[in-house]
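*Asks:* For reference, the structure I am asking about is given below.
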Amino acid sequence: MSADDAREMTDWLIDQGLNGTPIKQFLPALADRLNGHGASLKRINLGSDVLHPTVDSRSFHWTRERGVEMTMLDRGAFEEDGPDWLQSPFRHMLINGEKSLRRKLGDSAPTGEFPLLDRFAREGATEYAAFAVSYGDGATLAAMDGMISSWLTDAPGGFGNAQMTMIESIQKPLALTFNRNILHVTTRTLLGTYLGEDAAKRVLAGNIERGRAESIRAVIWFSDLSGFTRVADTIDRHLLLGLLNDYAGIIVDTLDAHGGNVLKFMGDGMLAIFPGERMENACGHALKAAREAIDAAIALSAKRGADGLPTTDLYLALHEGELLYGNFGGRSRLDFTVLGPAVNEASRMAALSRSIDQRIIVSSAFAQACGGKRDRLVSLGRYALRGVTRPQELFTLDPTA
């Protein structure tokens, strides 16, 4: 391998990072380039731990047969005493402080050290190489250790000196490009998790100016859990967190499935919106989500009750109106959310639902916006809402519709 070849490969990898090329796109191209230099690669694996609420690590595997696949390991799923990890080449590198590992495979090579490599040998591989590149504290979000990579060839005799030298020489620029991709995905994931997908997209698109907001029409969803304060006073915090996560999980999943954007968690309460150019469609999605969320909450309560765990009930209100959607707050702490009288009215409706024993309440404005779906609703009569001047007619889903 010439110095020009190494420089060309390094420059190409850096360009992939500067251009923001996704890993799933540049990894096959990297394999093609290395194979063009005689590497005869069967498999490449790149991986690292990640900062994610539910995922512990993310790995990308390129194989000659299947192309690129991604694997995510959920938090809590990693088995430190499992045989796969105890007999892993990467564990061997970690406990021995090694930055690289290289093993010949095949008929004349020893077996039994690593079962994974024995399997590769049975599949026709002739050599395996692995590397670990560490990240400095300022290079990552949270305590990410670095990038690990492994390389498998079926070239007769294994990797040649030129091919191995090239693979070794690209580890650091490859780690930079890989880290850039992981940071980009992590940033989008965290913002989407904590702000909501739509709000995150707007923030990342540059909508970050304090006081900047746009007027939108949307369906407003406001839900809460029945008797939460009483339940919170009678169970320990671990049971309380489990209850909140279980019920919030089914609500969020249902809202996501029907195009709702969750904007806020307020204790046991949840604020979401269904924006859309046609309010009739937004109302239809909201009604489906409401029905499914109530059914899911009933099923969850039955399951938790059978397991001897505390349960609660879900109540929700649907409203429609004009909202301000954007950045509000102080100079050093902003929130991307919605403001307007309609939000307060939805909150008052949700609070009323328990006293009139209705799991779902919708406003007259929502009913009017439903258009042809109006026949799914039945009137509950007129009610005075706290802080609202005029009594309003409220509706619920017609159980016979």
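The values are calculated or read from the model by the stated rules, or taken from the named source; none is laboratory data. Computed from a prediction, not measured in an experiment: that's the story for all the values here. When we count neighbours, we look across all protein chains shown, and the Cβ atoms used for this are built from the backbone with ideal geometry, even at glycine.
*Asks:* Is there a residue being out of contact with any strand residue (DSSP E or B) (no Cβ under 9 Å at 6 or more places or on another chain) and part of a helix (DSSP H, G or I) anywhere in the range 205-223?
*Replies:* Among the residues of the range 205-223, not one is out of contact with any strand residue (DSSP E or B) (no Cβ under 9 Å at 6 or more places or on another chain) and part of a helix (DSSP H, G or I), which makes the answer no.
*Asks:* Now for a different question. If you take the residues in the range 331-365 that are more than 20 Å from Ile273 (Cβ to Cβ) and of a type in the set (Gly, Ala, Ser), which one is modelled with the highest pLDDT?
*Replies:* Ser332
*Asks:* Under the condition of being surrounded by 13 or more Cβ atoms within 10 Å (Cβ to Cβ) and in contact (Cβ under 8 Å) with a residue 60 or more places away in the chain, which residue from the range 372-396 is nearest to Val219 (Cα to Cα)?
*Replies:* My answer is Lys373.
*Asks:* Next up: Go through the range 146-184 and count every residue that is under 32 Å from the mean Cα position of the chain (by Cα), over 20 Å from Leu101 (Cβ atoms) and free of Cβ contacts under 8 Å to residues at least 60 places away in the same chain.
*Replies:* 1
*Asks:* Let me ask something additional. Considering only the range 249-261, I want to know if a residue exists there that is outside any helix (DSSP H, G or I), touching a residue at least 40 places away in the same chain (Cβ under 8 Å), assigned by TED's automatic domain parsing to the domain that holds Ser347 and touching a helix residue (DSSP H, G or I) at 6+ places or on another chain (Cβ under 6 Å).
*Replies:* Yes: one or more hits.
*Asks:* How about the range 94-123: which of its residues are small (Gly, Ala, Ser), surrounded by 11 or more Cβ atoms within 10 Å (Cβ to Cβ) and over 29 Å from Asp145 (Cβ atoms)?
*Replies:* Gly106, Ala109
*Asks:* Quick one: in the range 149-201, of everything that is in a helix (DSSP H, G or I) and among the charged types (D, E, K, R), which residue is farthest from Ala109 (Cα to Cα)?
*Replies:* Asp198
*Asks:* Inspect all residues belonging to the range 102-111 and state whether any of them is at pLDDT 90 or above, in the same structural domain as Asp145 (by TED's automatic domain parsing) and over 25 Å from Ala175 (Cα atoms).
*Replies:* Yes: the range 102-111 contains one or more residues that are at pLDDT 90 or above, in the same structural domain as Asp145 (by TED's automatic domain parsing) and over 25 Å from Ala175 (Cα atoms).
*Asks:* I want to confirm something. Restricting to the range 209-233 and keeping residues that are farther than 22 Å from Gly196 by Cα and in contact (Cβ under 8 Å) with a residue 60 or more places away in the chain, which single residue is surrounded by the fewest Cβ atoms within 10 Å (Cβ to Cβ)?
*Replies:* Per the criteria, the residue is Gly227.
*Asks:* Could you identify the single residue in Thr193, Thr189 that is among the polar types (S, T, N, Q), in contact (Cβ under 8 Å) with a residue 12 or more places away in the chain and over 21 Å from Leu46 (Cα atoms)?
*Replies:* Result: Thr193 is the single residue among Thr193, Thr189 that is among the polar types (S, T, N, Q), in contact (Cβ under 8 Å) with a residue 12 or more places away in the chain and over 21 Å from Leu46 (Cα atoms).
*Asks:* Restricted to the range 53-73, and to residues that are of a type in the set (Val, Ile, Thr) and under 17 Å from the mean Cα position of the chain (by Cα), which residue is surrounded by the most Cβ atoms within 10 Å (Cβ to Cβ)?
*Replies:* Val55
*Asks:* Let me ask something additional. Quick one: in the range 370-401, which of the residues that are more than 20 Å from Asp357 (Cβ to Cβ) and assigned to a helix (DSSP H, G or I) is modelled with the highest pLDDT?
*Replies:* Within the range 370-401, the match that is modelled with the highest pLDDT is Gly371.
For every residue, the table says whether it meets (1) in contact with a helix residue (DSSP H, G or I) (Cβ under 8 Å, 6 or more places away or on another chain); (2) of a type in the set (S, T, N, Q); (3) assigned by TED's automatic domain parsing to the domain that holds Leu51; (4) surrounded by fewer than 19 Cβ atoms within 10 Å (Cβ to Cβ).
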| residue | (1), (2), (3), (4) |
| --- | --- |
| Ser134 | no, yes, yes, yes |
| Ala139 | yes, no, yes, yes |
| Ser149 | yes, yes, yes, no |
| Gln163 | yes, yes, yes, no |
| Leu183 | no, no, yes, yes |
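*Asks:* Moving on. So, in the range 263-307, of the ones that are touching a Leu at 6+ places or on another chain (Cβ under 6 Å) and closer than 23 Å to Ala200 by Cβ, which residue ends up surrounded by the most Cβ atoms within 10 Å (Cβ to Cβ)?
*Replies:* Residue satisfying both the conditions and the ranking: Ala286.
*Asks:* Test of understanding: among Ser363, Ser355, which residue is more than 32 Å from the chain's Cα centre (by Cα), surrounded by fewer than 12 Cβ atoms within 10 Å (Cβ to Cβ), of a type in the set (Ser, Thr, Tyr) and assigned by TED's automatic domain parsing to the domain that holds Leu271?
*Replies:* Ser355
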